[in-house]
Amino acid sequence: MILSLHRSGGFAAVTQPEVSVDTSTLPKDEADHVESAVREARVAELAGQPAAAPGAGDRFVYELTVHEGNTRHTVKVTEPFADPALGTLIDLLSSYS
C-alpha cells in the first residue's frame, strides 16, 4: 500500500511537502498499523465526497491518496475532521515527514 498526503491552505496559505509512505518498506508491525488505520478511516468510502465544510476558508486542506494494487482512492478533507479515525490516520502519516 502506498499512501501520499499533501497539506495546503490555512490562514497564510501554507503548503507543506507531500508525505509518501510505502508500507512494503516498513517493518511488518508498523505496516500493519498504518494499513489498519487506513481501513478504520474508511478512505475508500470517503473518496469523492465534498472536501470543505462551510466556513472552512482558513483551514488546512488535506489530500490523501491510497494506492493498493490496481485501486486508487483520493480523499480531500478540512479540519476539524468529522471522523476521528481519519484525523488519527492523517496524524500518523504526518509523523513520517
Q: Convert each backbone phi in segment 80-91 into a coupling constant with the Karplus relation 6.51 cos²θ - 1.76 cosθ + 1.60 (shift: θ = phi - 60°), then list the ³J(HN,Hα) values in order as whole Hz, x for Gly and Pro.
A: x, 7, 5, 10, x, 5, 5, x, 4, 5, 5, 4
Q) Counting only residues 5 or more places away or on other chains, whose amide H sits under 5 Å from the amide H of Arg59 once H atoms are built in the peptide plane? A) Gly10
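Rule-based calculations on the coordinates, nothing more; no lab input. From a predicted model like this one, the values you see are computed outputs, not experimental measurements.
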